[in-house]
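Take a look at the structure set out below.
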Amino acid sequence: MTTKYTEGEPIRDTKAPAGPIEDRWEKRKFNAKLVNPANKRKLNVIVIGTGLAGGSAAATLGELGYNVKSFCYQDTPRRAHSIAAQGGINAAKNYRGDGDSTYRLFYDTVKGGDFRARESNVYRLAQVSVNIIDQAVAQGVPFAREYGGLLDTRSFGGAQVSRTFYARGQTGQQLLLGAYQALERQIAAGTVEMHTRHEMLDLIVSDGRARGVIVRDMVTGEIERHVADAVVLASGGYGNVFFLSTNAKGCNTTAIWRAHRRGAMFANPCYTQIHPTCIPVSGEYQSKLTLMSESLRNDGRVWVPVKAGDDRPVSQIPEDERDYYLERIYPAFGNLVPRDIASRAAKNVCDEGRGVGPGGLGVYLDFADAIRRLGRDAVEKKYGNLFEMYERITGEDPYTQPMRIYPAVHYTMGGLWVDYDLQSTIPGLFVIGEANFSDHGANRLGASALMQGLADGYFVLPTTIGDYLANGPYGEVDEEAVAEAEIAVREKINKLLSNNGDRTADSYHRELGKIMWEYCGMERTEESLRKALERIPELREEFWKNVKVSGEADELNQALERAGRVGDFFDLAELMCIDALHRTESCGGHFRAESQDADGEALRDDDNFAYVAAWEYGEQGPVLHKEDLDYEYVKMSQRSYK
Amino acid sequence: MGMNLTLKVWRQKGPEDKGRMVTYRVEDVSPDMSFLEMLDVLNERLILEGDDPVAFDHDCREGICGMCGMVINGVAHGEQVATTTCQLHMRHFEDNAVITVEPWRAAPFPVVKDLVVDRSAFDRIIQAGGFISVPAGSAPDAHSVPVKKVDADAAFDAATCIGCGACVAACPNGSASLFTAAKITHLSLLPQGQPERDSRAKAMVEQMDAEGFGGCTNTGECTAVCPKGIPLDTIAQMNRDYLKASK
């Protein structure tokens, strides 16, 4: 059993400038070295992934004049999973005059993250948030507007101001298409070379610097090497380690995991966000879970029957036999409590036998009051496409009967460790968007993922990477390093294809996902995590001996693609459990049953765990490096949404 | 009790292969499965039998990324209105049904393998002008230009196109007019889109023609199969803008 880890040197310098928090980003921008426009053409940057972070970064780097190569596994950059974000994007515009400010968005994000995020980074995120809205509007993103022609906003979980900008229930789509169009403009201009249907399988490190990637052309199967002066990973989160999640089917951990194997530290891998409002699982064949935007909690009321085992139809359950448990337990925030709290509350009522729908794994999200109050038309205007989506999947009409929802894995706050410049522990390797760990602490607030992805891609990375590139070009790449990475990739592919076992990669993935959901999901205990750490290595060993992959290496082979990704998920799953086991406190999305207060709320242990856990890969087990978190501005307190 | 189905699926090794329909039996299908989940079940079996699984594009499986798409019983994305293939559920099929499954068929969308086609022509149409030129950091305050709500809403309706290509697959002429018109309309309706309005319409239409897509004869099949219901009158808007720009 590999529950063992060793502890290494703490991380002391995150490269955040000192001084008043509101001046730090200005200071960093001013101190960052600039690259002469004529030299930018000679500098090559690789960007992996074309979601909000990668797409906006590649476009912006192209606009600045760098030579960019962009890679995505889909058939076009417009498909990255940012496209599925529904609810909206936060920005501290204070267009409502309701008391919002940069400081308040900063404060809400630090508090929402349960005091496990870096103040400097979060403050910068709040500062930059306003520029994102300006940028998107100028690109033609059709945000919702009011009759006066100004932008509409709504409120979202974890906040008491209305700062979320939205485009019906398709905000992620509209923002991504904005970034995609900017990217296509650069492709036409010749500054960005696009490689679709290519998957990164390893990172090339030469003389201690990230210098390129090994990718597989997913159509021809050709293994290609691409070198550059810097590499940017924007490959998204790793929620699919649970098999069932709201991520797209193709989302995977391979890019960041391979970088981790090459020396990039992995921070807080156990911080997983479980989203409270997803459509419940309907059967064993289920391939993914679908999220219903949390914005639904603005007008929908969450309830279960008061009595356990009450299986009467909704119409026969009188009002006084319904328990609107979020409103009851958290009167101040009601249905708008942060995601982790709403998810656990749903699990608790289901554990009490009060869940609804198949297997008792669901709670109602009821719009009857909203329809009475606002009228069906108004509700349809706000949520029409979400209601349609629900109806299509379940065959039930949410206008006439409450939706059934249940929590599902949605987002991973953990990711590769980065400093204030978004640079990992490998010089020249930058990590942005969900792939890094930086801004959300132990829990991300709703409508903040889009904000972070675009903040990183449009505004932060293009400045900070310049400081690194100003010392380039970095010269020849060590041929041996390239060959070694390429051989490793080929060997893995050959191994998978020559196995001839009797189980598919998906069936192993599904089993791994069940282990993770059961033992490292919404609630974790020492016992459950030890069990997971026993079973994961066993299953992984069986996988490598017994997985069956049909087809050849030199063709479009989707079975091979999946098997390779599942192999990396096993290793990541183990690290997640080790991280979850070592962090004996509860915080945000990481709930250790041993650490809760009398009301069953997550209980942090600031004396022992107010740090970022950055894990270094080691052949003899992971090595933990702690980055202490200091809170100079927001006073650490136990979160309360009551 | 599950459903039993007969699938006739287009199999094609690669662009050079002639391709053919192959019949498969899929048993015990749950009505709550999505169409793609039903294909997953078939593929799991094919892999274990050492056969090549049916290659198909898919990603988000929630109807928004636009990656999936197949012609089911002769209709792009199947007969369910305003629905992508991933959101089509088996409850809409009869037990013992025979279902044909084919790729998008259009010359500018060559088959890569089985049900996977190359839609990169769409990206090149966007490259020709489907954007507003505004480098990061150069934007004025978002409230500096108010936009009429009706215009913003209409722009949004056009902007919801997911670029799946069903419009092309359904059109008897293999026209990409609905796709191209959706982007032209989206940007034409907004004040921010005005400076490049003429050049955009001209360049995008010309690129669409250069890719080998057919012309529009107002058949309306495109909008009938469009998962996002992009309205046909966007094509009128495109033609207006193109004519004006060509003067």
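Quick notes on this one:
- Residue within the stretch A:472-495 that is within 29 Å of the chain's Cα centre (by Cα), within 14 Å of chain B (Cβ to nearest Cβ) and of a type outside the set (A, V, I, L, M, F, W, C) present: no
- Count - residues of the stretch B:129-151 that are within 23 Å of B:Lys202 (Cα to Cα) and either facing chain A (nearest Cβ under 7 Å) or of a type in the set (S, T, N, Q) (or both): 6
- Residue within the stretch B:5-14 that is touching a Pro at 6+ places or on another chain (Cβ under 9 Å) and surrounded by 15 or more Cβ atoms within 10 Å (Cβ to Cβ) present: yes
- Of the helices (runs of 4 or more DSSP H) lying entirely inside the stretch A:34-132, those containing at least 2 residues that are in contact with a Gly (Cβ under 9 Å, 6 or more places away or on another chain) and either among the hydrophobic types (A, V, I, L, M, F, W, C) or within 17 Å of A:Ser235 (Cα to Cα) (or both) are A:52-64.
- So B:Ala76, is it touching a Leu at 6+ places or on another chain (Cβ under 6 Å) and buried (at least 20 other Cβ atoms within 10 Å of the Cβ): no
- Just one of the listed residues (B:Gly74, B:Gly69) is outside the structural domain of B:Gly214 (by TED's automatic domain parsing) and in contact with a Cys (Cβ under 6 Å, 6 or more places away or on another chain), namely B:Gly69.
- Subset of the stretch B:48-63 [among the hydrophobic types (A, V, I, L, M, F, W, C) and either more than 7 Å from every other protein chain (Cβ to nearest Cβ) or surrounded by fewer than 24 Cβ atoms within 10 Å (Cβ to Cβ) (or both)]: B:Leu48, B:Val54, B:Ala55, B:Phe56
- Looking only at residues in the stretch A:294-324 that are touching a strand residue (DSSP E or B) at 6+ places or on another chain (Cβ under 9 Å) and of a type in the set (S, T, N, Q), the one that is surrounded by the fewest Cβ atoms within 10 Å (Cβ to Cβ) is A:Asn298.
- The condition of being in contact (Cβ under 8 Å) with a residue 40 or more places away in the chain, out of contact with any Gly (no Cβ under 7 Å at 6 or more places or on another chain), of a type in the set (A, V, I, L, M) and within 19 Å of A:Asp152 (Cα to Cα) holds for only one of B:Val116, B:Val145, B:Val150, B:Val112, that being B:Val145.
- Candidates in the stretch B:16-37 are the residues that are outside any strand (DSSP E or B) and at the interface with chain A (Cβ under 8 Å from one of its Cβ atoms); of these, the one that is nearest to the chain's Cα centre (by Cα) is B:Leu36.
- The test for being closer than 18 Å to A:Ser438 by Cα and within 14 Å of chain B (Cβ to nearest Cβ) holds for A:Ala57.
- Annotation: B:Ile162 fulfils all but one of (1) within 9 Å of chain A (Cβ to nearest Cβ); (2) assigned to a helix (DSSP H, G or I); (3) crowded, with 22+ Cβ neighbours inside 10 Å; the unmet one is (2).
- Breaking point among (1) in contact with a helix residue (DSSP H, G or I) (Cβ under 9 Å, 6 or more places away or on another chain); (2) more than 14 Å from chain B (Cβ to nearest Cβ); (3) surrounded by fewer than 21 Cβ atoms within 10 Å (Cβ to Cβ); (4) among the basic types (Lys, Arg), for A:Arg524: (3)
- If you go through the stretch A:335-346 and keep only what is within 18 Å of A:Val306 (Cβ to Cβ) and of a type outside the set (A, V, I, L, M, F, W, C), you end up with just A:Asn335.
- Only residues that are surrounded by fewer than 22 Cβ atoms within 10 Å (Cβ to Cβ) and more than 12 Å from A:Leu151 (Cα to Cα) were counted across the stretch B:135-152, and they come to 7.
- Residues that are facing chain B (nearest Cβ under 7 Å) and under 11 Å from B:Ala136 (Cβ atoms) within the stretch A:132-144 comprise A:Asp134, A:Gln135, A:Ala138, A:Gln139, listed in sequence order.
- Test: B:Gly66 is farther than 21 Å from A:Phe243 by Cβ and either among the charged types (D, E, K, R) or within 9 Å of another protein chain (Cβ to nearest Cβ) (or both): yes
- Condition check for A:Arg328: touching a strand residue (DSSP E or B) at 6+ places or on another chain (Cβ under 8 Å) and in the same structural domain as A:Thr400 (by TED's automatic domain parsing): no
- Residue in the stretch B:110-123 that is of a type in the set (S, T, N, Q), at the interface with chain A (Cβ under 10 Å from one of its Cβ atoms) and within 30 Å of A:Ala91 (Cβ to Cβ) present: no
- When we screen A:Glu585, A:Glu574, A:Glu534, A:Glu542 for residues that are surrounded by fewer than 23 Cβ atoms within 10 Å (Cβ to Cβ), away from chain B (no Cβ under 14 Å), without any contact (Cβ under 8 Å) to a residue 40 or more places away in the chain and not in a loop (DSSP other than H, G, I, E, B), the only hit is A:Glu542.
- Residue, nearest to the chain's Cα centre (by Cα), within the stretch A:168-180, restricted to residues that are at the interface with chain B (Cβ under 10 Å from one of its Cβ atoms) and modelled with pLDDT of 95 or more: A:Gly172
- Filtered by the rule that a residue be within 14 Å of chain B (Cβ to nearest Cβ), in contact with a helix residue (DSSP H, G or I) (Cβ under 9 Å, 6 or more places away or on another chain) and at positive phi, the stretch A:89-115 gives a lone residue, A:Asn94.
The values are calculated or read from the model by the stated rules, or taken from the named source; none is laboratory data. Just so it is clear, the model here is predicted, and its values are computed rather than measured. Using ideal geometry, Cβ is built from the backbone for each residue, glycine included, and neighbour counts are taken over all protein chains shown.
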